Amino acid sequence: MAYRVDIARSAEADLEDLYLWVVERAPQQGATWFNGLERAVLSLDQHPERCPVAAESSDPDHPVRVLSYGRKPHVYRVFFTVDHNAASCAWCMCGVAPGDGRRQPS
C-alpha cells in the first residue's frame with residue numbers, strides 16, 4: 001500500500017535551513033548527502049511503520065516515529081506520524097556538530 005508523504009511547513013523550513021547549512025560547508029558532498037535525505041523521506045510512502053517509535057513519543061494511540069539518516073555523529077532525525085493513508089512529517093532535527101553543544105543548523 002502506498003502512503004502519501006505530507007511534509008509540514010515547519011519541517012520544510014528545517015530542511016531548507018539544513019540544505020543551506022550543509023551545502024555551505026561541503027558544496028558537492030553536501031548536496032549529494034541532502035539528496036539522499038530527501039529520497040529517504042520520500043521513501044516513507046512505502047512501509048512507514050518500518051521506522052521505530054521515537055523515544056520522545058508520549059501518546060501510544062498516536063505514536064511518533066523516527067526516520068534516522070546519516071552516520072554517527074551526524075545523524076539527522078525526521079519525526080512523523082502515520083495516519084490512514086499518509087505519513088505526515090511534523091518536524092526534523094539534526095544531531096549535534098562535533099565539539100559544539102548546540103543543535104545544527106540554527
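The values are calculated or read from the model by the stated rules, or taken from the named source; none is laboratory data. Note that the structure is a prediction, hence the values are computed from the model and not measured. Note that each Cβ is placed from the backbone with ideal geometry, even for glycine, and that neighbours are counted across all protein chains shown.
Please verify whether TYR19 is crowded, with 17+ Cβ neighbours inside 10 Å and in a helix (DSSP H, G or I), treating the condition exactly as stated. Yes. For region 37-90, a residue qualifies if it is at pLDDT 90 or above, assigned to a strand (DSSP E or B) and polar (S, T, N, Q), and the qualifying residues are GLN46, SER68. Determine whether GLU56 is farther than 17 Å from ASP6 by Cβ, in contact (Cβ under 8 Å) with a residue 12 or more places away in the chain and acidic (Asp, Glu). So GLU56 passes the test. In this structure, does VAL5 turn out to be on the phi < 0 side of the Ramachandran plot and free of Cβ contacts under 8 Å to residues at least 40 places away in the same chain? Judged against the criteria, VAL5 is not a match. List, please: which pairs have Cβ atoms under 6 Å, are six or more places apart or on different chains, and start with a residue in region 61-73 that is under 14 Å from LEU18 (Cβ atoms) and end with one that is among the small types (Gly, Ala, Ser)? Here the result reads TYR69/ALA40, each pair linking region 61-73 to a residue that is among the small types (Gly, Ala, Ser).
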